[in-house]
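Q: Dropping the structure in here first, questions after.
The values are calculated or read from the model by the stated rules, or taken from the named source; none is laboratory data. This one's a predicted model, so the numbers in the text were calculated from it and none came from an experiment. Cβ placement follows ideal geometry from the backbone for every residue including glycine, while neighbour counts extend to all protein chains displayed.
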Ligand SMILES: [Zn+2]
């Protein structure tokens with residue numbers, strides 16, 4: 001990792017605006033993201049499109065960007081006959097592309113977070129949204145550890161500033177990641193959960209319980225919620241605040257919902273509405289706000305405008 005352990009707390013200092021969705025934005029860039037291993041194809045065949053998405057988010061005001069590696073894993077690649085080395089290389093390539101985009105903005109400090117999805121994301125069956133995995137705790141630890149090993153050993157331009165463990169559905173998976181991280185106390189990470197209501201993560205545990213557990217890991221620099229309905233965010237920030245004084249990061253979905261029967265998106269993805277909600281989230285003491293599924297640079301521009309309107313925000317906010 002680029003920062004020493006003693007610099008860990010400073011990595012997110014002053015950082016307020018995270019980027020938005022990667023997959024849908026790649027589609028707008030003309031990338032083919034059909035199929036479960038879309039990031040493998042895009043990282044290898046159209047890296048300039050990944051850079052273009054990063055660039056669009058930095059231009060929109062993001063001061064933290066996430067790599068295009070959410071579902072990159074050895075297990076996921078093996079399922080499609082791809083060698084483990086190819087998954088490892090894709091993780092590093094994703095960081096390299098984010099660094100390349102950030103380097104285009106020499107006057108800005110842009111933090112690069114390695115996006116690491118949960119085990120369910122590697123299964124390609126939506127299991128991350130309930131967290132009922134057919135695997136042992138040891139297998140979960142091994143799954144996460146192999147990716148951590150690759151990124152912790154990366155040098156310079158392939159090394160992320162932090163690991164973003166995200167869309168975590170359960171307390172068990174959070175515990176498994178803590179175990180997986182144990183050999184690398186110097187690594188920096190955030191933990192972000194996907195929630196099914198105003199109090200509970202997707203698998204059913206209390207978000208506050210999950211936050212209390214991950215707050216004890218030496219690697220943790222922020223705790224949050226992503227891939228969740230935006231309407232739930234104020235209540236979920238309050239749940240996090242009950243359990244931890246770690247900086248809070250929230251990056252919910254756009255506000256649209258997938259109607260599985262009618263097979264189309266419903267609800268609003270209005271960027272201005274998203275900005276109005278972001279104002280509430282900052283007011284509720286979220287330090288960093290971004291977007292997950294179906295959010296676009298327009299959403300992030302609105303979030304950045306909220307920050308610009310509040311020039312002296314409470315960074316590393318702690319509960320009053
Ligand atoms: Zn999402």
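Q: Run down 247, 234 and say which single residue is away from the ligand (no atom under 16 Å from the Cβ), closer than 29 Å to residue 177 by Cα and in contact (Cβ under 8 Å) with a residue 60 or more places away in the chain.
A: 247
Q: Now for a separate question. If you check residue 233 against the conditions, is it crowded, with 19+ Cβ neighbours inside 10 Å, at pLDDT 95 or above and either more than 19 Å from the chain's Cα centre (by Cα) or in a helix (DSSP H, G or I) (or both)? Break it down into steps so the answer makes sense when it comes.
A: Details: crowded, with 19+ Cβ neighbours inside 10 Å: yes; at pLDDT 95 or above: yes; either more than 19 Å from the chain's Cα centre (by Cα) or in a helix (DSSP H, G or I) (or both): yes.
Answer is yes for this residue.
Q: Which residue, of 160, 169, 118, is more than 18 Å from residue 219 (Cα to Cα) and at pLDDT 95 or above?
A: Sole residue among the options that is more than 18 Å from residue 219 (Cα to Cα) and at pLDDT 95 or above: 169.
Q: Residues being over 19 Å from the mean Cα position of the chain (by Cα), within 14 Å of the ligand (Cβ to nearest atom) and assigned to a loop (DSSP other than H, G, I, E, B): count how many of those fall in the stretch 250-266.
A: The total comes to 0.
Q: Also, quick follow-up: Within 21 Å of residue 121 (Cβ to Cβ) and away from the ligand (no atom under 16 Å from the Cβ): does that describe residue 222?
A: So residue 222 passes the test.
Q: Regarding the stretch 203-210, can at least one residue be identified that is part of a strand (DSSP E or B), at pLDDT 95 or above and within 14 Å of the ligand (Cβ to nearest atom)?
A: Scanning the stretch 203-210 turns up no residue that is part of a strand (DSSP E or B), at pLDDT 95 or above and within 14 Å of the ligand (Cβ to nearest atom).
Q: Residues to consider are 228, 167; find the one that is within 16 Å of the ligand (Cβ to nearest atom) and in a loop (DSSP other than H, G, I, E, B).
A: Details: 167 fails: in a loop (DSSP other than H, G, I, E, B).
It is 228.
Q: Which residues, counting only those in the stretch 10-26, are within 21 Å of residue 125 (Cβ to Cβ) and assigned to a helix (DSSP H, G or I)?
A: Residues satisfying the conditions are 23, 24.
Q: Still on this structure, I have one more. Pull up the stretch 184-202, narrow it to residues that are away from the ligand (no atom under 15 Å from the Cβ) and assigned to a loop (DSSP other than H, G, I, E, B), then point me to the one that is surrounded by the most Cβ atoms within 10 Å (Cβ to Cβ).
A: Of everything passing the filter in the stretch 184-202, 188 is surrounded by the most Cβ atoms within 10 Å (Cβ to Cβ).
Q: Mind listing just one residue for me: the one in the stretch 122-157 that is at pLDDT below 90 and not in a loop (DSSP other than H, G, I, E, B) and, of those, surrounded by the fewest Cβ atoms within 10 Å (Cβ to Cβ)?
A: Within the stretch 122-157, the match that is surrounded by the fewest Cβ atoms within 10 Å (Cβ to Cβ) is 156.
Q: Looking at (1) assigned to a loop (DSSP other than H, G, I, E, B); (2) surrounded by 18 or more Cβ atoms within 10 Å (Cβ to Cβ), find the lone condition where residue 101 falls short.
A: Answer for residue 101: the failing condition is (1).
Q: Just a yes or no: is a residue in the stretch 296-313 out of contact with any helix residue (DSSP H, G or I) (no Cβ under 8 Å at 6 or more places or on another chain), assigned to a loop (DSSP other than H, G, I, E, B), buried (at least 19 other Cβ atoms within 10 Å of the Cβ) and at pLDDT 95 or above?
A: The answer is no; no qualifying residue exists.
Q: Considering only residues that are part of a loop (DSSP other than H, G, I, E, B) and without any contact (Cβ under 8 Å) to a residue 60 or more places away in the chain, look in the stretch 53-75 and name the one that is nearest to residue 143 (Cα to Cα).
A: Residue satisfying both the conditions and the ranking: 71.
Q: If you scan the stretch 267-281, which residues turn out to be away from the ligand (no atom under 14 Å from the Cβ) and surrounded by 24 or more Cβ atoms within 10 Å (Cβ to Cβ)?
A: Scanning the stretch 267-281 gives 278, 281.
Q: Please indicate, with yes or no, whether at least one residue in the stretch 175-183 is in contact with a helix residue (DSSP H, G or I) (Cβ under 9 Å, 6 or more places away or on another chain), within 16 Å of the ligand (Cβ to nearest atom) and in contact (Cβ under 8 Å) with a residue 24 or more places away in the chain.
A: No, the stretch 175-183 has no match at all.
Q: Let me confirm something: among 14, 20, 30, 35, which residue is at pLDDT 80 or above and farther than 30 Å from residue 218 by Cα?
A: 30 is the lone residue from the list that is at pLDDT 80 or above and farther than 30 Å from residue 218 by Cα.
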